[in-house]
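One structure below.
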Amino acid sequence: MSLCPCGSGQEFAACCERVLKDFTLAKTAEQLMRARYTAHVKVDIDFVQNTTHPDHRADYDEKTARDWAEKSEWLGLEIVSAKGADADDKGEVEFIARYKINGAKQSHHERASFEKKDGHWYFSDGEMVKNQPVTSQKVGRNDPCTCGSGKKYKKCCG
């Protein structure tokens, strides 16, 4: 069994793989966001570009996106909040993508906007979320890892 990189806990074949093959299968903004993260993990940059709203593709830098995806070790995706159900025309997904680049752990915290065009979800814009004040929360060794990988803390980031 191969778990999906998006952290859903589902098998890749039953989760993002089907959306990567046909993005029109994404019924919610969150499903498309998870597939876009997985596309970075799999270095499927064409998928990322094709699921960017046509009105916003002019600013898309395929070379930079490919370089980032290839050079990163992807550690997990955490969905902070999500709006945008099948019946909606607009959605928003706040997420944190964790990765390592040049041996240093990084995180990309964004509030992404999604729009439907011709009945299909597209990423339209993103806004970086500013760092919040640090609060201390003790994580037990056997608790789920805070990076969203689905693994126990001791086996992941602990």
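Looking only at residues in region 1-11 that are out of contact with any strand residue (DSSP E or B) (no Cβ under 6 Å at 6 or more places or on another chain) and touching a residue at least 12 places away in the same chain (Cβ under 8 Å), the one that is surrounded by the fewest Cβ atoms within 10 Å (Cβ to Cβ) is Gly9.
Of all residues in region 46-95, those that are in a helix (DSSP H, G or I), out of contact with any Ser or Thr (no Cβ under 8 Å at 6 or more places or on another chain) and either open to solvent by 60 Å² or more (accessible area, probe 1.4 Å) or not β-branched (Val, Ile, Thr) (or both) total 18. Summed over region 13-32, residues that are outside any loop (DSSP other than H, G, I, E, B), open to solvent by 30 Å² or more (accessible area, probe 1.4 Å) and touching a strand residue (DSSP E or B) at 6+ places or on another chain (Cβ under 8 Å) total 4. Pairing each residue of region 39-63 that is over 14 Å from Glu17 (Cα atoms) with any residue that is among the aromatic types (Phe, Trp, Tyr) and surrounded by fewer than 16 Cβ atoms within 10 Å (Cβ to Cβ), provided the two are 6+ apart or on different chains, yields C-beta distances under 9 Å for Gln49/Tyr60; Thr52/Tyr60. Looking only at region 117-154, residues that are assigned to a loop (DSSP other than H, G, I, E, B), surrounded by 14 or more Cβ atoms within 10 Å (Cβ to Cβ) and either modelled with pLDDT of 75 or more or among the hydroxyl-bearing types (Ser, Thr, Tyr) (or both) come to 4 in all. Scanning region 62-80 turns up no residue that is basic (Lys, Arg) and under 15 Å from Arg34 (Cβ atoms). Condition check for Ala112 on (1) at negative phi; (2) touching a Leu at 6+ places or on another chain (Cβ under 8 Å): one failure, at (2).
The values are calculated or read from the model by the stated rules, or taken from the named source; none is laboratory data. In this text the structure is predicted, and so the values were computed from the model without any measurement. Backbone-built Cβ (ideal geometry, glycine too); neighbour counts: all protein chains shown. When the accessible area is computed, the model is the full protein with side chains, heavy atoms only, and any ligands, DNA or RNA have been set aside. Shrake-Rupley method; radii C 1.70, N 1.55, O 1.52, S 1.80 Å.
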